[in-house]
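Peer 1: I'd like to ask some things about the structure below.
Each reported figure results from applying straightforward, stated rules to the coordinates on display, with no laboratory input. Worth saying up front: this structure is predicted, and the values here are computed from it rather than measured. Cβ placement follows ideal geometry from the backbone for every residue including glycine, while neighbour counts extend to all protein chains displayed.
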Amino acid sequence: MWLRCTSRRLLTPFNRALKHGRLNASSWSGKVAAVMPEAAGFQGVTDRATLQEFSHAHSDSFWAAMANHRLTWTSAYDTVQDCDLRRGKVKWFVGGKLNVSVNCLDRHVLTCPDRVALIWERDEPGAEVKVTYRELLEMTCRLGNLLRRRGVKKGDCVTIYISDALAERIRDANSSTVITVNQGVRGGKMIDLKKTVDAAVDTCPNVRQVFVAMRTETPVVMKDRDVAMEEEMAHEEAVCEPAAMDSEDVLFMLYTSGSTGKPKGLVHTQAGYLLYASLTHKYVFDYHDGDVFGCVADIGWITGHSYCVYGPLANGATTVLFESTPIYPDPGRYWETVQRLQINQFYGAPTAIRLLLKYGDQWVHKYDRSSLKTLGSVGEPINTEAWEWYHKVVGDGRCPIVDTWWQTETGGICIAPRPSDPDAEIVPGMAMRPFFGIKPVLVDNEGEELTSKSASGALCIAQPWPGMARTIHNNHQRFIETYCQPFPGYFFTGDGASRTEEGYYQITGRLDDVINVSGHRIGTAEIEDNHCSAVAESAVIGYTHDIKGQGVYAFVVLKKEADITEPELRQQLKDSVSKSIAKYASPDYIQIAQRLPKTRSGKIMRRVLRNVVERDLEGLGDLSTLDDPTAVQEIIQGHQATT
Ligand code: PRX
């Protein structure tokens, strides 16, 4: 994770936003007003559909009302937006100034200082640490003061180290300060992060100092450039004047997972990102004051940024930082945590759901999950079996499942089942409806927008929104080429999607994961989503085929208790795909694997699978973002046995 230092802070009055015109909710009666008071006063808005139309037709008024209502400004902006998607120009709330930490902390300290802001759910179960808003503000001030005393200025880039390939990122970001811990702890294992930082920083002459926090008691060698972070923070004042940041100053940079090519440093800025994270956190998850929000994503992932940190804290929520894994010390960990912390909204990844499904229902039933109200899913398509299990077993059939589609690039959730309407229909495995202000369009190969209701094509977004990334650090041209040029005038997401008659969206997967077999386009996700009770997880890729162009190659991981022979399994899978899609989609090869190669954020590295299947082992490239690189060797051996 990369953080642009914005750090100087102080308690300030938070009612400045009100002078910019908080809207009067009483002028709007009815159901929609009750669930979205920010929209009160919008002419002609009577329900969700008209609100969505309003957000497109009067985009500036819509986003201005949201920004005035939800953010505390130091000084008012003069222009709501200055965007031109054709040129990759995206600016929101131009001329405004605010401070993100004032929005996330100070204003809540004024109203509820003793509310728990975050619960650090440590790797060791039952050892959680609760930090109130007052305490978190004090810690933030001490760290802000320390950074300042050590010469970090507004505009400097500070690297917070959690992931690999560190040196390349430090150099790309031109960071002079790094923050790390002596050791990381995950699933009962210690990881020597400081050693990795030492090796990386030795090759980065720009780094002046490394702040080292002590996560464990294991001492580490401290070099001249190292600073004992907690010790130094203890000497700092617990009050620090907040800097007034421009709306478009950089907030953070985040490098994408590396599942495609060279990682891109996507840049997010202050006001628009914060507004979008706050609004989506509130309405997609139906968050209410006092709820405990449990997003179990890695904090170094965009999901952790938007829904562990910025969204929940901007809304004054109690947010959970989950340090462990779904199966440590046993496969009941998530649900034991839900019971102990009384989590109301649980937000996780399909990959973890599929893993847990494999271990059976008893691990869920063991714990009381009655606090749960909403269950969220993110990062990849959730297959029907996992969706049903999440809904029926985890949520006892009473919690809506919100399958949220978005990307590092979008900053926050863009398509999800229930923005604001608690009674809206949800179809299993579908992301469903665009969020307010998001105008998805489907485009064909020639760049023509598909205007019929039911269609499928490349998923683009037709209007800019405040949460979108502004650029790729040091490479704006690549930003334009990747997102703006493929379909001029639209933001291109890189995903394929289909739309039903009702206007519901379903994501079919990355377009680079779409395969073409004998002229038929098939989303790999469609094949993966086939029912076979013995399979816990699968990944399908295309491989070069002399006659068909591409053939289908499937990797499957079986459930622990699966009781089936390999020939039976292969037959069952082929039959199931032939029946649900078509015979041409039926896999040519089915490789049974112990596990799939994944990034630490749980994304299957299809690039690696493709390389193995294409026998291009030299092209395997950078495997540093893999959770466990030994999985690749297993896959290579299994491939030899399969073909
Ligand atoms: O292909 C889509 C998939 O994940 C991609 C974005 O990955 P990343 O930037 O790492 O962000 C993940 C967390 C937001 C998308 O282009 N994706 C994400 N959510 C879904 C999804 N695919 C299907 N359904 C989803 N709910």
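Peer 1: Calculate the FRET efficiency for E618 and M139 from the Cβ-Cβ distance with a Förster distance of 51 Å, rounded to the nearest 0.05. Could you put the intermediate results ahead of the total?
Peer 2: Numbers: r = 48 Å, r/R0 = 0.94.
Calculated transfer efficiency: 0.60.
Peer 1: Note down the magnitude of the dipole of the range 340-401 about its Cα centre, charges +1 on Lys and Arg C-beta and -1 on Asp and Glu C-beta and zero elsewhere, to the nearest 20 debye. Display every interim value, and only then the final one.
Peer 2: On the way: 8 positive and 6 negative charges, 40 e Å.
Approximately 200 debye in magnitude.
Peer 1: Pick out, from S452, N516, G429, the residue whose Cα sits farthest towards the positive end of the charge dipole of the range 423-517, with +1 on the Cβ of Lys and Arg and -1 on the Cβ of Asp and Glu.
Peer 2: It is G429.
Peer 1: For Cα pairs less than 8 Å apart in space and 6+ apart in sequence, what is the mean separation divided by the residue count of the chain, i.e. the relative contact order in percent? Write out the running numbers ahead of the final one.
Peer 2: Values: 1397 pairs, mean separation 77.1, N = 643.
Across the chain, relative contact order equals 12 percent.
Peer 1: Projected onto the charge dipole of the chain (+1 at Lys/Arg Cβ, -1 at Asp/Glu Cβ, origin at the Cα centre), which of F322, V178, P417 gives the Cα projection farthest towards the positive end?
Peer 2: Looking along the dipole axis, the top candidate is V178.
Peer 1: Another question, then. Can you compute the radius of gyration and Dmax for the chain, using only the Cα atoms, both in Å?
Peer 2: Taking only Cα atoms of the chain, I get Rg and Dmax of 24.2, 71 Å.
Peer 1: For the range 194-262 and the range 542-582, write down the distance between their C-alpha centroids in whole Å.
Peer 2: Cα centres, the range 194-262 to the range 542-582: 46 Å.
Peer 1: Run the dipole for the chain about the Cα centre, Lys and Arg Cβ at +1, Asp and Glu Cβ at -1, nothing else charged, and hand back the magnitude in debye, nearest 20.
Peer 2: Values: 71 positive and 80 negative charges, 237 e Å.
My answer is approximately 1140 debye.
Peer 1: Okay, moving on. How much mean residue ellipticity at 222 nm does the chain get from its helices, if each DSSP H run of length 4 or more adds -39500 (n - 2.57) and you divide by all residues, to the nearest 500 deg cm²/dmol?
Peer 2: On the way: 20 runs with 169 residues, N = 643.
After summing the helix terms and dividing by the residues of the chain, the value is -7000 deg cm²/dmol.
Peer 1: Related question: Taking the Cα centroid of the range 598-636 and of the range 68-126, what is the distance between the two, rounded to the nearest whole Å?
Peer 2: 37 Å
Peer 1: With a Förster radius of 35 Å, plug the Cβ-Cβ distance of D84 and E425 into 1/(1 + (r/R0)^6) and report the FRET value to the nearest 0.05. Working shown, then result.
Peer 2: On the way: r = 37 Å, r/R0 = 1.05.
It comes to 0.45.
Peer 1: Using +1 at the Cβ of each Lys and Arg and -1 at the Cβ of each Asp and Glu in the range 148-246, identify which of A213, V201, M233 lies farthest towards the dipole's positive end.
Peer 2: V201
Peer 1: On to the next question. Between V129 and V239, how high is the FRET efficiency from 1/(1 + (r/R0)^6) when r is the Cβ-Cβ distance and R₀ = 25 Å? Nearest 0.05.
Peer 2: Numbers: r = 23 Å, r/R0 = 0.91.
Efficiency, from the Cβ-Cβ distance: 0.65.
Peer 1: Report the net charge of residues surrounding I426, where surrounding means a beta-carbon distance below 15 angstrom and charges are Lys +1, Arg +1, Asp -1, Glu -1. List each step's numbers first, then the result.
Peer 2: Values: positive: R48, K373, K392, R398, R418, R433; negative: D286, E388, D403, D421, D423, E425, E502.
Once all neighbours under 15 Å are counted, the net charge is -1.
Peer 1: With 20 Å as the limit, write out which pairs from K574/K598; K358/K603; K358/K598; K282/K453 have Cα-Cα distances beyond it, or answer none.
Peer 2: Numbers: K574/K598 25 Å; K358/K603 18 Å; K358/K598 17 Å; K282/K453 29 Å.
In this structure, K574/K598; K282/K453 exceed 20 Å between Cα atoms.
Peer 1: Then there's this: Per 0.36 nm of contour for each residue apart, how much would the distance between S452 and H56 grow if the chain were fully extended, relative to their Cα-Cα spacing?
Peer 2: Working: separation 396, 0.36 × 396 = 142.56 nm, distance 1.89 nm.
Once the chain is fully extended between S452 and H56, it gains 140.7 nm.
Peer 1: Give me the percent relative contact order of the range 394-524, please, defined on Cα pairs under 8 angstrom at least 6 residues apart.
Peer 2: On the way: 235 pairs, mean separation 26.2, N = 131.
Rounded, it is 20 percent for the range 394-524.
Peer 1: Also: Size of the dipole of the range 186-257 about the Cα centre, Lys and Arg at +1 and Asp and Glu at -1 on the beta carbon, nothing else charged, in debye to 20? Before the final figure, lay out each step's value.
Peer 2: Numbers: 8 positive and 15 negative charges, 129 e Å.
Charge dipole of the range 186-257: 620 debye, to the nearest 20.
Peer 1: Return the distance in nm (one decimal) between the two label points of a simple spin-label model at R186 and E634, each offset 7 Å from Cα along Cα→Cβ.
Peer 2: 1.7 nm
Peer 1: With contacts defined as alpha carbon pairs under 8 Å and 6 or more residues apart, what's the relative contact order of the range 58-158 in percent?
Peer 2: Once divided by the residue count of the range 58-158, the mean separation gives 17 percent.
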